[in-house]
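Inspection log for the structure reproduced underneath, given as structure tokens.
The values are calculated or read from the model by the stated rules, or taken from the named source; none is laboratory data. What you are looking at is a predicted structure, and each value in this text was computed from that prediction instead of being measured. Every residue, glycine as well, gets a Cβ built from its backbone with ideal geometry; the counts of neighbours run over all protein chains shown.
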Amino acid sequence: MKKFISLTLLLSVAITSFAQQKYTPSEGNIKARQEFADSKFGIFLHWGLYSIFAQGEWYLSKGKLSHAEYKKSADAFYPHRFDAKAWVKAIKDSGAKYICLTSRHHDGFSMWDTKYSDYDIVDATPYGKDVLKALAKECKKQGLKFHLYYSHADWGRTDYWPSRSSDKVTGKDKFDGGYESYFKFMNNQLEELLTKYDVDALWFDGMWDRRSVNWRIEEQYAHIHAIKPECLIGNNHHLPLINGEDFQIFERDLPGENKAGYSKGQTVSNIVPLETCQTMNGMWGYKVADQEYKSTEYLVRYLVSIACKGANLLLNIGPQPNGELPAEALDRLKEMGEWLRKYGDTVYGTTAGDIQAQEWGVTTRKGNRLFVHIFDLKEKELQLPLSCKVTKAYTFEDKKDVQFEKNENGITLKFDTVPSGIDYIVELITE
Ligand code: FHN
């Protein structure tokens with residue numbers, strides 16, 4: 001008890017002085033950032049109570065449901081086919097280097113045995129097992145990093161502010177004005193996640209739900225870093241980077257773009273690693289009607305295009321309520337893995353390419369090696385606007401020389417036949 005009090009005291013002293021200062025990442029954190037940036041590919045898993053309804057993770061709010069009724073579904077949550085070992089193996093074989101699991105989404109249901117609520121997978125379901133614990137253990141065993149999604153928004157708690165999304169939910173008591181207790185609840189849960197499950201990164205979401213309030217976010221970040229300095233913090237708030245964050249998130253968009261509409265005003269950081277999250281079909285949580293899975297060809301090209309921006313892809317799967325990953329998702333994981341085993345050297349550990357996305361494709365760089373990824377070329381020649389000197393060019397696949405001609409705009413690659421395939425890669429050695 002004494003030990004606990006002094007740890008809490010130490011933490012709060014550290015946090016109070018930390019919160020006002022500009023955040024300086026620890027050595028371990030900087031190392032973790034680099035490993036994260038090099039890893040380039042992770043799998044996102046939106047899995048929770050909402051999976052049961054098979055209507056996506058927003059069903060409680062979009063369906064204008066009663067929270068009290070929705071909660072009852074916990075008594076039917078029995079993912080008897082869940083196999084942490086098989087999930088992690090399939091994900092590892094896809095070439096992904098980390099997973100990010102929704103520990104608690106906006107519906108407020110916790111996927112671990114939290115002592116701060118009974119609305120969790122162990123206490124409220126007949127399944128009664130801690131899936132987060134099983135996944136954390138398997139990730140460690142199979143060598144994947146373990147990231148956790150954590151929602152700042154909560155559509156059920158009475159100490160969470162009224163908001164556009166939570167107001168649609170019926171059957172719950174009114175806001176009791178007690179954000180202090182919600183803040184404490186979140187910090188307690190986060191402390192639990194960090195100490196019990198040895199999390200490598202925390203992925204926040206939901207701050208966009210109420211822009212006008214004081215989330216005390218830097219204080220929360222300081223609390224996390226005081227517990228585990230090397231834990232990376234990212235926040236999908238759709239805003240520019242906030243002091244204390246270790247990586248920057250873009251939703252359904254490449255850094256610098258705003259096609260999906262979430263990234264308006266999100267200036268791209270040149271200090272921290274970047275990550276784009278995207279769905280494999282159209283929805284984050286499992287939705288029975290959504291079979292619009294993106295093709296492997298599209299996903300490979302998307303991954304490479306994100307790498308060209310110097311960023312990671314966090315590719316989402318919505319596991320089924322029975323605990324299985326959908327067969328369509330497993331197929332894509334397998335095929336992406338086959339591609340990455342052959343060509344991963346041109347993706348992992350790379351930095352942004354010298355030439356940004358063109359109609360024909362993209363580029364990635366690793367030291368003095370520049371990879372030209374050709375997705376779609378109609379001719380046997382390709383003009384590359386480069387300012388660096390190219391000393392050699394060959395096909396990545398079989399190391400056959402590719403003829404090239406220097407000119408005032410860079411070089412022109414000359415092929416015997418028009419390049420084809422998912423991604424025809426030419427490696428250039430540059431000075
Ligand atoms: O509302 C969530 C949504 O359900 C999902 O979790 C995505 C993932 O990036 N983020 C939020 C919307 O910005």
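Report, by residue number, each residue of the range 221-247 that is among the polar types (S, T, N, Q), surrounded by 22 or more Cβ atoms within 10 Å (Cβ to Cβ) and more than 13 Å from the ligand (Cβ to nearest atom).
The answer is none; no residue qualifies.
Of Ser26, Ser39, Ser66, which residue is of a type in the set (Gly, Ala, Ser), more than 16 Å from the ligand (Cβ to nearest atom) and touching a Gly at 6+ places or on another chain (Cβ under 7 Å)?
Going through Ser26, Ser39, Ser66 in turn, just one is of a type in the set (Gly, Ala, Ser), more than 16 Å from the ligand (Cβ to nearest atom) and touching a Gly at 6+ places or on another chain (Cβ under 7 Å): Ser66.
Counting residues that are among the β-branched types (Val, Ile, Thr), which strands (runs of 3 or more DSSP E) fully inside the range 321-421 reach at least 2?
361-366, 369-374, 390-395, 410-414
In the range 150-159, what count of residues is obtained for those that are out of contact with any His (no Cβ under 8 Å at 6 or more places or on another chain) and in contact (Cβ under 8 Å) with a residue 24 or more places away in the chain?
Residues of the range 150-159 out of contact with any His (no Cβ under 8 Å at 6 or more places or on another chain): 150, 152, 157-159.
Now narrow it down to the ones that are in contact (Cβ under 8 Å) with a residue 24 or more places away in the chain: 150, 152, 157, 159.
So the answer is 4.
Quick check on my filter: what residues within the range 298-318 are surrounded by fewer than 24 Cβ atoms within 10 Å (Cβ to Cβ) and farther than 29 Å from Gly48 by Cα?
Arg301, Ser305, Lys309, Gly310
Please go through the range 206-216 and give me each residue that is in contact with a helix residue (DSSP H, G or I) (Cβ under 9 Å, 6 or more places away or on another chain) and within 16 Å of the ligand (Cβ to nearest atom), ordered by number.
Met207, Trp215 - these are the residues of the range 206-216 that are in contact with a helix residue (DSSP H, G or I) (Cβ under 9 Å, 6 or more places away or on another chain) and within 16 Å of the ligand (Cβ to nearest atom).
When the residues of the range 142-156 are narrowed to those that are within 20 Å of Trp87 (Cβ to Cβ) and either outside any loop (DSSP other than H, G, I, E, B) or touching a Leu at 6+ places or on another chain (Cβ under 8 Å) (or both), which ends up farthest from the ligand (Cβ to nearest atom)?
Within the range 142-156, the first condition is being within 20 Å of Trp87 (Cβ to Cβ), and the residues that meet it are 142-150.
Retained after the next criterion (residues that are either outside any loop (DSSP other than H, G, I, E, B) or touching a Leu at 6+ places or on another chain (Cβ under 8 Å) (or both)): 142, 145-150.
Details: Gln142: 25, Lys145: 18, Phe146: 18, His147: 13, Leu148: 13, Tyr149: 7, Tyr150: 11 Å.
If we take residues in the range 142-156 being within 20 Å of Trp87 (Cβ to Cβ) and either outside any loop (DSSP other than H, G, I, E, B) or touching a Leu at 6+ places or on another chain (Cβ under 8 Å) (or both), then Gln142 is farthest from the ligand (Cβ to nearest atom).
Report yes if some residue within the range 177-192 is within 16 Å of the ligand (Cβ to nearest atom), without any contact (Cβ under 8 Å) to a residue 60 or more places away in the chain and in the same structural domain as Asp130 (by TED's automatic domain parsing); otherwise report no.
Among the residues of the range 177-192, not one is within 16 Å of the ligand (Cβ to nearest atom), without any contact (Cβ under 8 Å) to a residue 60 or more places away in the chain and in the same structural domain as Asp130 (by TED's automatic domain parsing), which makes the answer no.
If I ask for residues that are touching a helix residue (DSSP H, G or I) at 6+ places or on another chain (Cβ under 8 Å) and under 22 Å from Trp208 (Cβ atoms), which ones from the range 165-191 would you list?
Of everything in the range 165-191, those that are touching a helix residue (DSSP H, G or I) at 6+ places or on another chain (Cβ under 8 Å) and under 22 Å from Trp208 (Cβ atoms) turn out to be Ser165, Ser166, Lys168, Val169, Lys172, Phe183, Met186, Asn187, Leu190.
On the basis of being within 12 Å of the ligand (Cβ to nearest atom) and either modelled with pLDDT under 95 or over 22 Å from the mean Cα position of the chain (by Cα) (or both), does Leu60 make the cut?
Criteria met by Leu60.
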